[in-house]
Amino acid sequence: MRVVVIGAGVIGLSTALCIHECYRSVLQSLNMMVYADRFTPLTTTDVAAGLWQPYLSEPSNPQEAHWNQQTFNYLLSLIGSPNAANMGLAPVSGYNLFREAVPDPYWKDIVLGFRKLTPKELDMFPDYSYGWFNTSLLLEGRKYLQWLTERLTERGVKFFLRKVESFEEVVREGADVIINCTGVWAGALQPDPLLQPGRGQIIKVDAPWLKHFVITHDPERGIYKSPYIIPGLQAITLGGIFQLGNWSETNNIPDHNTIWEGCCRLEPTLKDAKIIGEWSGFRPVRPQVRLEREQLRFGSSNTEVIHNYGHGGFGLTIHWGCAQEVAKLFGKILEERNLLRTPPSHL
Amino acid sequence: MDTVRIAVVGAGVMGLSTAVCISKMVPGCSITVISDKFTPETTSDVAAGMLIPPTYPGERGIFAPLKFFHLMCLSWQIFRSIPTEEVPYWADVVLGFRKMTKDELKKFPQHVFGHAFTTLKCEGPTYLPWLQKRLKGSGGLILTRRIEDLWELHPSFDIVVNCSGLGSRQLAGDSQIFPVRGQVLKVQAPWVKHFIRDSSGLTYIYPGVSNVTLGGTRQKGDWNLSPDAEISKEILSRCCALEPSLRGAYDLREKVGLRPSRPGVRLEKELLAQGSRRLPVVHHYGHGSGGIAMHWGTALEATRLVNECVQVLRTPAPKSKL
């Protein structure tokens with residue numbers, strides 16, 4: 001069985017690993033390849049701050065809430081293993097701030113120790129009058145992608161730097177199943193009017209005295225348009241930019257100023273922080289994640305594609321739940337083609 | 001009005017904060033801090049600097065919140081058995097105090113109960129230089145000298161503030177003060193973002209600005225300032241049991257500090273007398289493991305006592321009617 005995964009961000013690599021872990025032992029042969037034109041540190045995942053936190057409002061597809069929870073529980077079970085830091089994983093706590101009272105988020109019982117902020121805590125943030133405190137998880141994109149790459153390499157999965165121009169070209173080379181994890185660029189392989197870039201820009205600084213995340217919200221402006229400060233394993237990510245439809249990958253000065261001023265206002269000690277770097281990336285925004293099978297016919301061959309893209313600003317948050325779902329769909333394909341030696345044990 | 005000349009003995013957190021406090025609140029005085037050791041070689045430099053009040057029996061402590069935040073972090077204090085006092089007296093002083101949830105406790109299988117709260121960490125190697133700078137900015141002087149006897153300060157100074165910690169055994173003849181030796185490891189583990197402390201106070205993990213403090217020991221009466229390699233191994237092992245990711249910690253450095261312990265903090269005036277000589281002393285020492293946690297509060301109180309001494313000096317002596 002020849003499986004081609006297109007895309008080497010968190011979605012591509014985690015899906016590849018999940019499928020390989022579930023099915024390698026039950027298939028006569030599993031030949032898996034990852035094709036991508038960008039690998040870490042140049043993927044969208046590398047720009048993400050890496051905090052597990054879904055959007056505040058319930059997703060239109062309730063499965064997404066379930067996949068978020070699955071991901072959190074999976075990551076939480078790995079805390080306490082000596083490998084956690086190598087994976088880029090660590091617990092982190094912090095604040096979500098609002099200018100007025102809001103309902104609790106649907107994920108309040110998924111994270112640890114969720115509670116509202118006390119008046120004394122709110123005194124620390126003069127521009128905000130309401131908020132939450134909870135413990136969540138940090139999964140730093142770059143470290144996690146490196147770790148996933150190592151695990152896949154150990155398993156004999158091969159990586160190829162190439163820009164795939166069409167599904168057809170991959171099919172003609174003999175792929176049985178294609179896993180489409182092309183993120184914001186999925187439209188180049190198959191037009192998708194529902195998919196749009198949600199451009200973000202972030203500044204990474206050295207400010208090791210900051211141990212909590214602080215995320216502000218302005219419901220009128222929308223998610224991620226308000227300043228946020230998220231500590232990483234070594235550096236701190238400052239952000240607050242979300243521009244729908246903007247394909248510019250270069251950092252721009254007005255956005256830099258918006259981020260810098262907003263975050264320094266929130267945390268004045270940042271004025272002493274050293275700037276390490278600045279990056280832009282495109283959240284693959286879609287009303288819902290596209291996670292489904294599709295049969296493609298080119299000439300006489302019948303190739304299965306499993307789409308797994310459109311995770312917006314919550315890719316790391318949802319990735320493992322989606323990877324498991326793709327693995328389930330993959331399993332169905334194997335059943336339909338009578339390829340299973342024994343039933344898979346992982347699901 | 002003559003300038004009252006004040007000498008502060010000791011340049012740890014007590015000496016420097018008291019000196020700064022006096023400079024802000026007692027008018028018309030000159031302040032000189034005299035010590036044989038300065039940052040980064042004081043006991044305060046070894047301390048993790050956690051603002052978690054100690055539980056002295058009967059000692060409520062004067063725990064005043066710091067005006068300047070140095071480092072804030074979520075703390076997990078975990079217990080192997082349920083404490084008699086489930087909510088400590090200082091619950092309102094720290095931020096967001098609550099009991100740990102069952103899910104949080106799963107991370108610590110040997111523990112059955114816990115507190116979660118946000119508190120501050122105040123690091124000696126950064127805080128002390130900041131205090132020194134403030135003191136100099138308001139005209140204070142800093143001198144390096146080892147004082148063997150408080151009378152050495154007479155008659156150059158009008159009031160002595162004794163913040164000499166363990167040095168008071170000699171300087172104040174105080175046999176009640178004794179060291180509680182603490183050995184710690186300062187390591188690199190920047191992914192650790194939470195304080196974790198076992199309620200016994202023996203095992204703790206305190207992430208700081210540029211390193212993580214792993215501890216520790218509480219060895220009563222032990223004056224040895226040299227680190228013990230066996231103890232370091234043992235501390236690392238205990239901390240890894242609470243936080244397994246610490247096995248990846250690197251650049252480990254051993255440090256030892258002697259906590260200036262006493263049945264209670266000595267915070268009081270004493271008028272030393274020798275023949276016709278008089279030397280007012282304000283004692284401000286003996287904070288044990290709670291020095292940084294309590295320092296500002298006790299410094300304010302010490303300053304109040306200094307003020308009282310100043311008032312006495314400025315009140316003209318009643319003239320006897322001849």
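The values are calculated or read from the model by the stated rules, or taken from the named source; none is laboratory data. This one's a predicted model, so the numbers in the text were calculated from it and none came from an experiment. Quick reminder, even Gly has a Cβ in these numbers, built from the backbone with ideal geometry, and neighbours come from all protein chains shown. With ligands, DNA and RNA removed, areas are computed over all heavy atoms of the protein, side chains included. Shrake-Rupley method; radii C 1.70, N 1.55, O 1.52, S 1.80 Å.
With respect to A:Thr250, determine if the residue is outside any strand (DSSP E or B) and at pLDDT below 95.
Working: outside any strand (DSSP E or B): yes; at pLDDT below 95: no.
Criteria not met by A:Thr250.
Could you grab the pairs with beta carbons closer than 6 Å, sequence gap of 6+ or different chains, first residue in the stretch A:104-132 and within 12 Å of chain B (Cβ to nearest Cβ), second one open to solvent by 60 Å² or more (accessible area, probe 1.4 Å) and in a loop (DSSP other than H, G, I, E, B)?
The qualifying pairs are A:Phe114/A:Lys108.
Which residues, taken from the stretch A:71-85, are open to solvent by 50 Å² or more (accessible area, probe 1.4 Å) and more than 7 Å from chain B (Cβ to nearest Cβ)? Give the steps one after another, and end with the answer.
First, pick out the residues of the stretch A:71-85 that are open to solvent by 50 Å² or more (accessible area, probe 1.4 Å): A:73-74, A:76-77, A:82-83.
The answer is A:Asn73, A:Tyr74, A:Leu76, A:Ser77, A:Asn83.
Which condition from (1) away from chain B (no Cβ under 14 Å); (2) open to solvent by 30 Å² or more (accessible area, probe 1.4 Å); (3) over 24 Å from A:Thr71 (Cα atoms); (4) assigned to a strand (DSSP E or B) is the one that A:Glu292 breaks?
Exception for A:Glu292: condition (3).
Within 21 Å of A:Pro41 (Cα to Cα), free of Cβ contacts under 8 Å to residues at least 60 places away in the same chain and among the hydroxyl-bearing types (Ser, Thr, Tyr): does that describe A:Thr237?
On the way: within 21 Å of A:Pro41 (Cα to Cα): yes; free of Cβ contacts under 8 Å to residues at least 60 places away in the same chain: no; among the hydroxyl-bearing types (Ser, Thr, Tyr): yes.
No; evaluated as a whole, the condition is false for this residue.
Taking B:Arg259 as the residue in question, decide whether it is in contact with a helix residue (DSSP H, G or I) (Cβ under 7 Å, 6 or more places away or on another chain), surrounded by 16 or more Cβ atoms within 10 Å (Cβ to Cβ), closer than 28 Å to B:Asn162 by Cα and among the charged types (D, E, K, R).
Values: in contact with a helix residue (DSSP H, G or I) (Cβ under 7 Å, 6 or more places away or on another chain): yes; surrounded by 16 or more Cβ atoms within 10 Å (Cβ to Cβ): yes; closer than 28 Å to B:Asn162 by Cα: yes; among the charged types (D, E, K, R): yes.
In short, yes.
Hey, can you tell me all the residues within the stretch A:2-33 that are surrounded by fewer than 18 Cβ atoms within 10 Å (Cβ to Cβ) and either on the phi > 0 side of the Ramachandran plot or assigned to a helix (DSSP H, G or I) (or both)?
Across the stretch A:2-33, the qualifying residues are A:Glu21, A:Arg24, A:Ser25, A:Val26.
Residue check, A:Asn96 against (1) farther than 18 Å from A:Trp320 by Cα; (2) open to solvent by 60 Å² or more (accessible area, probe 1.4 Å); (3) among the polar types (S, T, N, Q), all met but one. Which one?
Failed condition: (2).
Go through the stretch B:10-49 and report how many residues are open to solvent by 20 Å² or more (accessible area, probe 1.4 Å) and assigned to a strand (DSSP E or B).
Of the residues in that region, 2 qualify.
Only residues that are open to solvent by 20 Å² or more (accessible area, probe 1.4 Å), more than 9 Å from chain A (Cβ to nearest Cβ) and part of a loop (DSSP other than H, G, I, E, B): list them for the stretch B:76-98, please.
B:Arg80, B:Ser81, B:Ile82, B:Pro83, B:Thr84, B:Glu85, B:Glu86, B:Val87, B:Tyr89, B:Val93
I need the full set of residues from the stretch A:133-164 which are of a type in the set (Lys, Arg) and touching a Ser or Thr at 6+ places or on another chain (Cβ under 8 Å), in order please.
Filtering the stretch A:133-164 for residues of a type in the set (Lys, Arg) gives A:142-143, A:151, A:155, A:158, A:162-163.
Within the stretch A:133-164, A:Arg142 is the sole residue that qualifies.
Could you tell me whether B:Phe63 is open to solvent by 20 Å² or more (accessible area, probe 1.4 Å) and either among the aliphatic types (A, V, I, L, M) or at pLDDT 90 or above (or both)?
Values: open to solvent by 20 Å² or more (accessible area, probe 1.4 Å): yes; either among the aliphatic types (A, V, I, L, M) or at pLDDT 90 or above (or both): no.
No.
Here is a list of conditions, (1) of a type outside the set (A, V, I, L, M, F, W, C); (2) out of contact with any His (no Cβ under 9 Å at 6 or more places or on another chain); (3) within 30 Å of A:Ser77 (Cα to Cα); (4) open to solvent by less than 20 Å² (accessible area, probe 1.4 Å), and B:Gly248 meets all of them except one; can you say which number that is?
Looking at each condition in turn, B:Gly248 falls short on (4).
So how many residues does the stretch A:233-263 have that are under 22 Å from A:Leu97 (Cα atoms), more than 22 Å from the chain's Cα centre (by Cα) and open to solvent by 30 Å² or more (accessible area, probe 1.4 Å)?
5
Table: residues versus (1) of a type in the set (S, T, N, Q); (2) open to solvent by less than 20 Å² (accessible area, probe 1.4 Å).
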site	(1), (2)
B:Val160	no, yes
B:Ser175	yes, no
B:Val184	no, yes
B:Pro190	no, no
B:Ile196	no, yes
B:Ser200	yes, no
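Looking only at the stretch B:182-205, which residues are within 11 Å of chain A (Cβ to nearest Cβ) and either closer than 23 Å to B:Ser261 by Cβ or not charged (D, E, K, R) (or both)?
Passing the criteria: B:Gln188, B:Ala189, B:Pro190, B:Trp191, B:Val192, B:His194, B:Phe195, B:Ile196.
Picking from A:Thr317, A:Thr303, which residue would you name as being open to solvent by less than 10 Å² (accessible area, probe 1.4 Å), within 30 Å of A:Asn246 (Cβ to Cβ) and among the polar types (S, T, N, Q)? Write out each step before concluding.
Details: A:Thr303 fails: within 30 Å of A:Asn246 (Cβ to Cβ).
None of the others qualify; the one that does is A:Thr317.
Among strands (runs of 3 or more DSSP E) lying entirely in the stretch A:122-232, which contain 2 or more residues that are open to solvent by 30 Å² or more (accessible area, probe 1.4 Å)? Full working, then the answer.
Numbers: elements: A:130-139, A:158-161, A:177-180, A:196-206, A:212-216, A:228-231.
Result: A:158-161, A:196-206.
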